[in-house]
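A short reminder: the numbers here are calculations on the coordinates, not readings from a lab. Everything numeric in this text was worked out from a predicted model, so none of it was measured. Cβ sites come from the backbone with ideal geometry, for glycine too, and all protein chains shown count toward neighbours.
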2 protein chains.
Amino acid sequence: MNIEELSQKILNGDRRALARAITLVESGRSDHREQASALLADLATHRRQALRIGLSGTPGVGKSTFIESFGMFLIAQGLRVAVLAVDPSSARSGGSILGDKTRMERLTRERAAFIRPSPSQSHLGGVARRSREGVALCEAAGFDVVLIETVGVGQSETVVAEMSDLFLLLLAPAGGDELQGVKRGIMEMADLILVNKADGALKPVATRTCADYAGALRLLRKRPQDPEGYPKAMMVSAIEEQGLSDAWDEMQTLTSWRRENGHWDQRRADQAQYWFDQEVRQALLAKLDTSAVRGRMAELAANVAAGEQSPSAAAQVMLAELGAS
Amino acid sequence: MNIEELSQKILNGDRRALARAITLVESGRSDHREQASALLADLATHRRQALRIGLSGTPGVGKSTFIESFGMFLIAQGLRVAVLAVDPSSARSGGSILGDKTRMERLTRERAAFIRPSPSQSHLGGVARRSREGVALCEAAGFDVVLIETVGVGQSETVVAEMSDLFLLLLAPAGGDELQGVKRGIMEMADLILVNKADGALKPVATRTCADYAGALRLLRKRPQDPEGYPKAMMVSAIEEQGLSDAWDEMQTLTSWRRENGHWDQRRADQAQYWFDQEVRQALLAKLDTSAVRGRMAELAANVAAGEQSPSAAAQVMLAELGAS
């Protein structure tokens, strides 16, 4: 593969070249990895940036419909939109998000849109690096907005938040005290909470849900990267295409404020450092990532759980066997 | 040191022997470490358990006063109480918690109480292990309740929650929207939120604060380890010794329910496995813990933040230098 040629095509916005490049960064082969590194290093010199928007929400909140409606809205504003997914479970489920493209019928047909499902990798570290590289490729290809979707599985929300400029949490209306549980830390990661399905019979419930979350957000510590009044909770109806323009206004207000106050650049720099640190750590911990070691760890963990060995004593045994004590 | 004799004295509840043993587990000397391991292994065979209560709260919420009042209350119920602290900042600050024993004047004089400040270690991993071992020693010495105090610095709340059967969050009354920010995840860790200073002029504010947090707790996902209606937010006045009995009732209700439903044992087993896993990982990551490597990591991180190198490229350089690529 001619990397210079591929690079040039991507810079020209060639969608097939972009798709090929994403396949390249997703490959596990070491020669592909070298080519991918060379390609990314070359593209990075152009320093193109998109607005990276992370989007999380449990199944059933209407994520696909939101991406379709919001994507079409952005395209109508003259913007080019790429949609990627981070789904550590896709190796098991065969790709549970962005798999159902019938829900994004219009968006898939748009020239200004590019949709790519999650790489099939069970290891979140691997998914994270490939996803970051996919985002970088979309930025180089000149997309204005990159939407990065995740379903809230394990650490995937943190992974997406750490590669996004804005992080949106999509929720469904829920009655009374039976609100859907918001996972640990998720509210503090969100820049905007969007209560979807604020239409028809659900509208009153959505209004109450939105007020509840607005109240909960006020209980959180104000973050340095936010102007007064943020993060916010708002209502949208993806299916009726309501509230999208207001939500986009909020995203732009937040983005402009952060750019002007240096928080945009700071966040990108912090994220780059975070991923550097994570890659070093993950490589050092890779010793634990073989099936033999996982089996031995499970054995020792069972002893520890049964109270037969202290955590420290078992750890010493494992480290000795790894030649690392 | 005769470990058998020390062990026997601890089992007999000898406070000086307990203090010596804690000093032993806090020591960094390798011969001390071996003795400590032998002592802990011996004591573990007796399988004594206390109720371990983690307590977090930022400076100013009245933690010391609460520990004094609550400790005296427990002693009045005929219980023996040990108080330990986990404070990763104590190496810098010279011991910021439990340092001011004048606020625990009565408790320090009680025969049924044992108070020990945080070990002076800057490394949280080291603090965690020493603290866990301190808790185990107090359990072996026959204390009924072990209070483990932390100030909310970095990961210290997680560390304390992972060695506690119950985790309490102490808050001060705060007006309107200006409630003290609750850190990421902290509400999900708390089994009880106690709004302190519910006395005098602050009582109405405390009532409102308590209602706000009760509302926020209802937004969280119900946890399998909780019966209906938990976690709860309650008011206490440490200084007027109000609400302590109600709070203790809640703790006992929660504890009994968890014991009956297997969650108590499950949590202890999960925690032991967590610490086993953590110790193995920390040992593998110890390569990064020298000042030379920290300096080199900072250099590369600066390149990454400036956009001169990608996170992955910088990580490859670091790993090659560590001989781990």
In the protein assembly as shown, if the dipole is taken from +1 on Lys/Arg beta carbons and -1 on Asp/Glu beta carbons about the Cα centre, which of B:MET234, B:PHE143, B:ALA41 is farthest to the positive end? B:ALA41
Taking chain A as a Gaussian network, Cα atoms linked when under 10 Å apart, which of A:LYS287, A:LYS232, A:LYS197 shows the biggest mean-square fluctuation? A:LYS287
What residue among B:ALA21, B:ASN196, B:GLY54 has its Cα farthest toward the positive end of the dipole of chain B, where the charges are +1 on Lys, Arg and -1 on Asp, Glu, each on the Cβ? B:ALA21
In the structure shown, do any of A:LYS63/B:LYS232; B:LYS63/B:LYS203; B:LYS63/B:LYS232 have a Cα-Cα gap over 24 Å, and if so which? A:LYS63/B:LYS232
Once you keep just the Cα pairs under 8 angstrom separated by 6 or more residues, what percentage relative contact order results for chain B? 17
Computed from the beta carbon distance with a Förster radius of 56 Å, FRET efficiency for A:ASP249 and B:ASN2 to the nearest 0.05 stands at 0.15
Per residue of A:18-30, what is the mean number of Cβ atoms on other protein chains within 10 angstrom of that residue's Cβ? 0
Mind listing the label-point distances from A:SER27 to the same position on all other copies, shortest first, one decimal in nm, points 7 Å along Cα→Cβ? 5.9
So what's the gap between the Cα centers of segment A:280-297 and segment A:1-67, to the nearest angstrom? 28
Share of Cα-Cα pairs in chain A lying beyond 36 Å, as whole percent: 25
15 Å Cα-Cα reach of A:LYS9 towards aspartates and glutamates, excluding residues that sit fewer than 8 places from it in its own chain: A:ASP42, A:GLU139
Roughly how crowded by other chains is peptide B:210-220, in terms of the mean Cβ count from those chains within 10 Å of each of its Cβ atoms? 4
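Dividing the alpha-carbon radius of gyration of the protein assembly as shown by 2.2 N^0.38 Å (N being the number of residues), what value is obtained?
Values: Rg = 26.8 Å, N = 650, 2.2 N^0.38 = 25.8 Å.
Computed over Cα atoms of the protein assembly as shown, the ratio equals 1.04.
Where nothing but the Cβ of Lys and Arg (+1) and of Asp and Glu (-1) is charged, how large is the charge dipole of chain A around its Cα centre, in debye to the nearest 20?
It works out to roughly 280 debye.
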Helical contribution to [θ] at 222 nm, DSSP H n ≥ 4, -39,500 (n - 2.57), averaged over chain A, rounded to 500: -16000 deg cm²/dmol
So if we plug the beta-carbon distance of B:ALA292 and B:ARG33 into 1/(1 + (r/R0)^6) with R0 = 22 Å, what FRET efficiency do we get, rounded to 0.05? 0.35
Quick calc, the protein assembly as shown, dipole around Cα centre from Cβ unit charges on Lys, Arg (+) and Asp, Glu (-), nearest 20 debye, gives 320
Which one of B:TRP264, A:ALA269, A:THR65 is farthest out on the positive end of the charge dipole of the protein assembly as shown, using unit charges on Cβ (Lys, Arg +1; Asp, Glu -1) and the Cα centre as origin? A:ALA269
Size of the dipole of segment B:185-325 about the Cα centre, Lys and Arg at +1 and Asp and Glu at -1 on the beta carbon, nothing else charged, in debye to 20? 260
